[in-house]
1. Check Lys104, Lys80, Lys70, Lys6 and return the single one that is of a type in the set (D, E, K, R) and over 26 Å from Glu134 (Cα atoms).
2. Tell me which residues, restricted to the range 6-65, are of a type in the set (Asp, Glu) and either assigned to a helix (DSSP H, G or I) or touching a His at 6+ places or on another chain (Cβ under 9 Å) (or both).
3. May I ask you to verify whether Ala43 is in contact (Cβ under 8 Å) with a residue 60 or more places away in the chain, under 18 Å from Phe114 (Cα atoms) and in contact with a helix residue (DSSP H, G or I) (Cβ under 9 Å, 6 or more places away or on another chain)?
4. With (1) within 16 Å of Phe111 (Cα to Cα); (2) modelled with pLDDT under 95 as the list, and Thr13 as the residue in question, which single condition is left unmet?
5. So Asp61 clears everything in (1) at pLDDT below 95; (2) among the charged types (D, E, K, R); (3) in contact with an Asp or Glu (Cβ under 7 Å, 6 or more places away or on another chain) except one condition, right? Which one?
6. For the structure I just gave you, tell me whether Ala55 is under 20 Å from Gly142 (Cα atoms), surrounded by 18 or more Cβ atoms within 10 Å (Cβ to Cβ), at pLDDT 95 or above and of a type in the set (A, V, I, L, M).
7. Restricting attention to the range 153-163, which residues are small (Gly, Ala, Ser) and either in a helix (DSSP H, G or I) or touching a residue at least 24 places away in the same chain (Cβ under 8 Å) (or both)?
Amino acid sequence: MSIISKTAEESLTIMNELVMPNDTNALNNLMGGRLLQWMDIAASISAQKHCNSIAATVSVDNVSFKQPIKLGDVVTIKAKVTRAFHSSLEVRLVVWTENISGVKTKSNEAFYTFVSQDTSGKVLRIPEVVPETEEEMQLYDGALRRRQLRLMLAGKMKPDDATELKALFFPEE
């Protein structure tokens, strides 16, 4: 029997990393590539918890580095599935840093897209997401627009077919 749906909370993944010297650049700031690697791991775990199968990264939305993350800081990455489509799903990541004094700062936010596959690479159908909180409902509602934008940018959807996006710019009167 297959699972028809799961809550977003069931996919919640929290990952902590300590920024060590081998993670930093010449300015003792965390290298961006290392942070992206950690984010990909957290998002992958979240996606696989939702799918109960292998989840391969398909795309990464814009990741802005708002401020440097310093040597010795603790990085906390929270990942949670926002919406599932037929075989792909979107995972939202929020990155927090905490310095030695205990000051916590939101550092980054991003959306990663995954596709569910079996061990031979065959694409699998995945459970729907049931949003429960107000924030989860807002993220769920926005996921279709973000998906359409990703597909348009990848050349996989024509602008005229992006009905959710068009409605933002050309509301019916």
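1. From the options Lys104, Lys80, Lys70, Lys6, the qualifying one is Lys70.
2. Glu9, Glu10, Asp23, Asp40
3. Here the answer is no, as Ala43 does not meet what is asked.
4. Only one criterion in (1) within 16 Å of Phe111 (Cα to Cα); (2) modelled with pLDDT under 95 is unmet by Thr13, namely (2).
5. Asp61 satisfies all of (1) at pLDDT below 95; (2) among the charged types (D, E, K, R); (3) in contact with an Asp or Glu (Cβ under 7 Å, 6 or more places away or on another chain) except (3).
6. no
7. We begin by selecting, within the range 153-163, every residue small (Gly, Ala, Ser); these are 154-155, 162.
Passing the criteria: only Ala154.
This table checks each residue for (1) part of a helix (DSSP H, G or I); (2) modelled with pLDDT under 95.
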{"position": "Leu89", "(1), (2)": "no, no"}
{"position": "Gly102", "(1), (2)": "no, no"}
{"position": "Thr113", "(1), (2)": "no, no"}
{"position": "Gln138", "(1), (2)": "yes, no"}
{"position": "Leu151", "(1), (2)": "yes, yes"}
{"position": "Leu165", "(1), (2)": "yes, yes"}
{"position": "Leu168", "(1), (2)": "yes, yes"}
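The values are calculated or read from the model by the stated rules, or taken from the named source; none is laboratory data. Since the structure is predicted, the reported quantities are computational estimates derived from the model, not experimental observations. Because the Cβ atoms are built from the backbone with ideal geometry, glycine has one as well, and the counts that use them run over all protein chains shown.
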